[in-house]
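Trainee: Below you'll find the structure I mean.
The numbers here are math on the coordinates, done by the rules we state, and not lab data. From a predicted model like this one, the values you see are computed outputs, not experimental measurements. Reconstructed Cβ throughout: ideal geometry from the backbone, glycine too, with neighbour counts over all protein chains shown.
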Amino acid sequence: MPTAEAYFQQAFAAHRVGDVANAERGYRLALALDRQHGPSLHMLGVMLAQQGRYADAAESLRRAARRMPHDFSVHNNLGNALVKVGEHADALRAFDRALALAPGHAQVLNNRGNALYGLGRYADAIDSYRAAIEREPRYGEAMANLAKALLQTGQSAEALRWAEQAVALAPNRPAPHVAKGWALLELGKPSEGALAVGQWLVQDDNHAEALWCRGQCCAALGHDDLAYEAYARAYALEPKLPGVLEGLADAAARTGRLDEARRLAAVLRQEGERDPARLVAALLVQSHALDWTDYIALRDRACQIVRAGQPYRPHPFAILQVVDDPMVQRQVARDYTRVAGYAGNNGGEAAWPEPQSGRIRVAYLSADFREHPTTRLAAATWEAHTRQGFEWVGVYLGPALDPQKDPLHARAMQAFDRFEVITDLDDEAAVQRLRELHIDIAVDLMGFTKYARPGLLARRVAPVQAAYLGYPGTTAMPAIDYLLADRWVAPREAWGAFAEQVVWLPTTYQANNRERVAAAHTPTRAELGLPEAAVVLACFNNPGKIQPETFACWMQVLQQVPGAVLWLLTTHAGVEQALRAHAAQAGVDPARLVFAPKVGHAEHMARHQVADLFLDTWPYNAHTTAADALWMGLPVLTMAGHSFAARVAASLLDAVGLPELITHSPQAYVQRAVALARDGAERDRLRAHLLRARDQAPLFDAALRARELEAAFRQMHERRCQGLPPAPLDVPPQTAG
């Protein structure tokens with residue numbers, strides 16, 4: 001009678017020649033005779049994983065690991081299966097057991113990096129991949145994985161170099177081509193990225209991650225239908241691929257497939273019961289799709305998880321858009337910085353050069369010295385900075401640009417005394433370069449936004465480091481000493497929500513200017529599809545900022561002002577359909593919602609003039625959008641929330657002399673909106689005030705903002721010179737002269 005070992009040997013022989021059916025039959029026959037036969041459990045798990053049956057593979061390999069605890073390959077294969085089903089913490093434990101049995105094994109180090117990557121521990125993943133390459137210098141797969149991890153820490157140029165090396169070493173493997181595609185996409189070259197992954201897809205057009213990357217490239221190029229098709233195929237092939245479900249749901253919304261977007265959001269909500277990070281992913285997908293099914297309950301559940309201290313890893317910027325609780329925002333940012341490797345303060349105790357009595361060297365770090373709202377707002381302030389007692393350095397982190405094709409990039413290059421481009425430097429080389437500049441104060445303009453490199457700040461490039469303008473919240477990074485803010489966005493009672501020491505600028509935190517230009521032609525209401533006699537209530541915020549509570553307030557206003565229409569920005573095919581459906585559910589005629597397509601900036605500025613009142617959103621206010629409206633004489637009504645992002649419009653209104661347009665509850669917001677909609681004389685007064693404010697109000701005074709920032713920098717520097725630690729600062733009023 002055959003033994004379990006005999007069946008195993010027959011199955012293993014069939015497995016080696018690709019006879020999968022007989023291999024599985026043999027392994028199962030062996031296990032029928034001996035349920036604990038370790039080799040059969042092991043190789044059955046390997047075979048199931050090769051077939052993409054990862055959950056079944058993981059179960060078989062768990063049993064094998066219990067029977068063969070001293071075989072490193074069992075633990076390694078178990079870890080790989082667990083990564084595929086998203087159980088990254090258990091996978092990491094399996095790989096650590098494998099390494100204990102086979103120290104320094106290159107393949108296990110690479111696979112361990114994959115588990116760390118899945119946990120969001122990108123700095124640790126980078127270390128593990130580098131260790132694998134050190135053990136095996138021609139390990140192309142590990143190089144490709146290293147490239148992907150470097151991308152998560154903003155080191156796109158180094159990532160591309162590793163990906164290209166991986167392609168050269170392993171051209172017949174998918175990972176190098178995919179990594180190269182991701183790197184090119186992150187460097188602002190989506191067309192080249194699509195071509196890079198296409199090099200693999202011509203060999204295997206069923207590779208899920210390659211399709212996912214192609215979809216991202218298509219989305220970046222504005223081809224939403226092609227992106228949707230790529231995402232859909234990727235999701236069908238590998239539903240657990242990180243990000244693909246969220247991408248597919250978002251693309252479904254953008255292409256008007258709202259039923260599909262809702263179905264996918266429901267899947268994310270269900271997965272959120274097992275993986276809390278998916279709850280915020282579901283919230284964001286539903287925000288983009290304007291699907292508010294169980295939305296408030298879902299948001300409350302996400303906040304409860306954060307407050308309870310449960311493991312949680314959404315991106316900090318995502319939480320700003322949906323939650324108006326600054327303590328929750330701080331906890332999410334702190335968790336993120338810990339797992340991403342930004343929680344250190346390396347160099348905080350370094351022997352920095354003694355501060356000089358001469359000029360203070362201040363460096364602004366940004367990837368947005370280009371056609372971007374940050375530079376549109378702040379370029380005039382940088383140009384207005386005094387050279388008496390200061391030297392100004394611009395440090396560019398973003399994708400390579402041609403100054404002749406991007407006038408704002410060219411302008412930023414000329415605004416500073418010195419302009420450094422560190423795009424092509426990895427973090428270690430960039431930190432060394434910046435430290436060699438002997439910067440006194442480094443000002444980060446990015447936070448956790450696109451192309452940010454918080455790893456540089458975590459290592460410290462200057463003895464004093466501050467956050468400003470680009471990120472409306474706390475970074476929770478110990479290496480960031482100060483947050484440049486004002487009394488509105490960071491009131492004293494909220495200081496506990498900021499890891500940084502708060503600096504109050506005396507008027508408003510937002511850099512601004514008097515340079516906005518509207519198109520010469522002011523369109524008529526008829527040209528814009530608006531009724532001539534209606535009161536036009538506008539909101540040009542991204543539709544994804546519209547929360548159900550905000551929309552409910554707008555519907556109340558329309559119900560109380562029959563002659564009003566709501567004029568909203570549309571960004572994709574599903575916006576009009578979804579919002580009109582919500583209006584109908586609220587008992588409002590959907591035809592009273594009018595939609596404005598995206599147009600050029602000058603044309604957009606001009607069309608403000610036909611609106612009567614701008615209605616703000618919360619918890620993420622209009623920021624640059626509010627400043628644009630105020631400049632064009634369009635009054636902005638806001639509700640000040642609790643978090644930085646929910647109080648920006650209040651800061652701008654105070655700085656333009658209209659604090660009466662700041663409300664503090666939904667009820668007050670509705671009441672004030674209704675009163676203004678009914679009072680044309682009051683709206684005329686507000687418009688006249690705003691047009692005078694262009695030349696008079698501190699909001700638009702770039703030179704004044706420069707003086708205020710300089711006063712803040714002097715106070716920071718003086719504390720350092722006195723050997724004092726960072727502390728809250730209150731900058732006194734300044735004059736523009």
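Trainee: With axes computed from alpha carbons, what is the tilt in degrees of helix 54-67 against the longest principal axis of the chain, rounded to the nearest 10 within 0 to 90?
Mentor: 50 degrees
Trainee: Could I ask something else about it? Over 44 Å, how big is the tail of the calculated P(r) for the chain, in percent of all Cα pairs?
Mentor: 30 percent
Trainee: Also, I was wondering about something else. Measure nothing but the geometry: give the 0 to 90° angle between the long axis through the Cα atoms of 244-254 and the longest principal axis through the Cα atoms of the chain, rounded to 10°.
Mentor: Approximately 40 degrees, to the nearest ten.
Trainee: Let me ask something else. Can you tell me the alpha carbon radius of gyration of region 360-504 divided by the globular rule-of-thumb value 2.2 N^0.38 Å?
Mentor: Dividing the Cα radius of gyration by 2.2 N^0.38 Å gives 1.01.
Trainee: Compute the angle between helix 548-560 and the longest alpha-carbon principal axis of the chain, please, reported from 0 to 90 degrees and rounded to the nearest 10.
Mentor: 40 degrees
Trainee: At a 10 angstrom cut-off on C-beta neighbours, averaged per residue, how do the peptides 330-341, 298-309 rank from highest to lowest?
Mentor: So the peptides 330-341, 298-309, ranked by packing, come out 330-341, 298-309.
Trainee: Could I ask something else about it? Just to check I understand the Karplus step: with θ = phi - 60° and J = 6.51 cos²θ - 1.76 cosθ + 1.60, what whole-Hz values come out for region 523-539, glycine and proline as x?
Mentor: Computed from phi, the couplings for region 523-539 are x, 7, 4, 4, 5, 9, x, 9, x, 5, 9, 7, 7, 9, 9, 10, 8 Hz.
Trainee: Could you please report the charge total around Ala526, scoring K, R as +1 and D, E as -1 over all other residues with beta-carbon less than 15 angstrom from its beta-carbon?
Mentor: 0
Trainee: Return the calculated 222 nm mean residue ellipticity for the chain, to the nearest 500 deg cm²/dmol, obtained by summing -39500 (n - 2.57) across DSSP H runs with n ≥ 4 and dividing by the residue count.
Mentor: -17000 deg cm²/dmol
Trainee: So which aspartates and glutamates can Lys84 reach, going by Cα to Cα under 13 Å and dropping same-chain residues fewer than 8 places off?
Mentor: Result set, ordered by chain and number: Asp56, Glu59, Glu209, Glu238.
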